[in-house]
Ligand SMILES: [Fe+2]
Ligand SMILES: [Fe+2]
């Protein structure tokens, strides 16, 4: 089963339309079971950005698309618009796998929070799907990653949520938010962070990318796909102190913008 994670589209001033459309075309050709969009679909949470984003996402021809809100989407009371443009269900049963969404964005705040009640709900939900490959998707980080500055990037209740995830033996956690691809493993749980698929603001890894995850029973292999480029192993990304890879043919994102 193939699942794709795209993140941090940022429709607005730093949105690279050409990169987004190229990624959507690649993903349509992959024909995954589901696409998980881990937040920051817009830059400022304003109506014009939501309209552009909804129009762009019509090009994605995949059976299931799971939208998650990010802190940028909730700016300027965008939380009122998000649920109209991108309705989503918190649990998606794919047969052998289940995707559980945690909502961490809060109105007009950049920091994220799961909250006690949602965390209890998470534990109960994960328990109900014990036999499946369990994926939890969230916009904010539950563990810090390198190159992401001094801002508060992990959810404020990261410790509580981490304990629930690890004790529930979750197989895979997918995060977005900081535009830095990364992978951690805690006990048997893989935590994959997405880069940005179409935003010009990148950190530590200077190409737009998305994640392609192949689920085989209780095992999953995640690879990073550069938009318009090659596949990379996460081990190659995390083992290098610096990963600066800019092809000679690359002339900057602004020229590719439509
Ligand atoms: Fe973002
Ligand atoms: Fe974010």
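Structure notes:
Yes or no, residue by residue, for (1) at pLDDT 95 or above; (2) within 16 Å of ligand 1 (Cβ to nearest atom); (3) under 18 Å from the mean Cα position of the chain (by Cα); (4) surrounded by fewer than 18 Cβ atoms within 10 Å (Cβ to Cβ):
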{"residue": "167", "(1), (2), (3), (4)": "yes, no, no, yes"}
{"residue": "176", "(1), (2), (3), (4)": "yes, yes, yes, no"}
{"residue": "190", "(1), (2), (3), (4)": "yes, no, yes, no"}
{"residue": "193", "(1), (2), (3), (4)": "yes, yes, yes, no"}
{"residue": "198", "(1), (2), (3), (4)": "yes, yes, yes, no"}
{"residue": "205", "(1), (2), (3), (4)": "no, yes, yes, no"}
{"residue": "211", "(1), (2), (3), (4)": "yes, yes, yes, no"}
{"residue": "214", "(1), (2), (3), (4)": "yes, no, yes, yes"}
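- Residues that are out of contact with any strand residue (DSSP E or B) (no Cβ under 8 Å at 6 or more places or on another chain) and buried (at least 23 other Cβ atoms within 10 Å of the Cβ) do occur in the stretch 64-80, at least one of them.
- Summed over the stretch 120-138, the residues that are over 19 Å from residue 186 (Cα atoms) and within 16 Å of ligand 1 (Cβ to nearest atom) give a count of 0.
- Filtering 183, 225, 240 for residues that are more than 16 Å from ligand 2 (Cβ to nearest atom) and modelled with pLDDT under 95 leaves a single hit, 240.
- Being touching a residue at least 40 places away in the same chain (Cβ under 8 Å) and closer than 24 Å to residue 235 by Cβ is a description that applies to residue 176.
- Enumeration of residues in the stretch 164-180 that are in a loop (DSSP other than H, G, I, E, B) and within 16 Å of ligand 2 (Cβ to nearest atom): 176, 177, 178, 179, 180
- Some residue of the stretch 43-52 being within 16 Å of ligand 2 (Cβ to nearest atom), under 16 Å from residue 209 (Cα atoms), without any contact (Cβ under 8 Å) to a residue 60 or more places away in the chain and outside any helix (DSSP H, G or I): no
- Residue in the stretch 65-78 that is within 28 Å of residue 216 (Cβ to Cβ), touching a residue at least 24 places away in the same chain (Cβ under 8 Å) and either in contact with a helix residue (DSSP H, G or I) (Cβ under 6 Å, 6 or more places away or on another chain) or within 15 Å of ligand 2 (Cβ to nearest atom) (or both) present: yes
- Top-ranked residue of the stretch 8-42 - restricted to ones that are part of a loop (DSSP other than H, G, I, E, B) and within 13 Å of residue 78 (Cβ to Cβ), ranked as nearest to ligand 1 (Cβ to nearest atom): 40
- Of the residues screened, residue 86 is one that is more than 15 Å from ligand 1 (Cβ to nearest atom), surrounded by 17 or more Cβ atoms within 10 Å (Cβ to Cβ), closer than 20 Å to residue 177 by Cα and over 14 Å from the mean Cα position of the chain (by Cα).
- Test: residue in the stretch 93-109 that is more than 15 Å from ligand 1 (Cβ to nearest atom) and part of a helix (DSSP H, G or I): no
- Residues (crowded, with 24+ Cβ neighbours inside 10 Å and either modelled with pLDDT under 95 or within 14 Å of ligand 2 (Cβ to nearest atom) (or both)) located in the stretch 1-25: 6, 7, 8, 9, 10, 11
- Residue match in the stretch 96-109 (condition: loosely packed, with under 15 Cβ neighbours inside 10 Å and touching a residue at least 40 places away in the same chain (Cβ under 8 Å)): yes
- Residue in the stretch 139-163 that is nearest to ligand 1 (Cβ to nearest atom), counting only those that are part of a helix (DSSP H, G or I) and surrounded by fewer than 22 Cβ atoms within 10 Å (Cβ to Cβ): 158
- Restricting the stretch 110-136 to residues that are out of contact with any helix residue (DSSP H, G or I) (no Cβ under 8 Å at 6 or more places or on another chain) and assigned to a strand (DSSP E or B), the residue that is surrounded by the fewest Cβ atoms within 10 Å (Cβ to Cβ): 133
The values are calculated or read from the model by the stated rules, or taken from the named source; none is laboratory data. Owing to the predicted nature of the structure, the values given are computational and were not obtained by experimental measurement. No Cβ is skipped: glycine too gets one built from the backbone with ideal geometry, and neighbour counts run over all protein chains shown.
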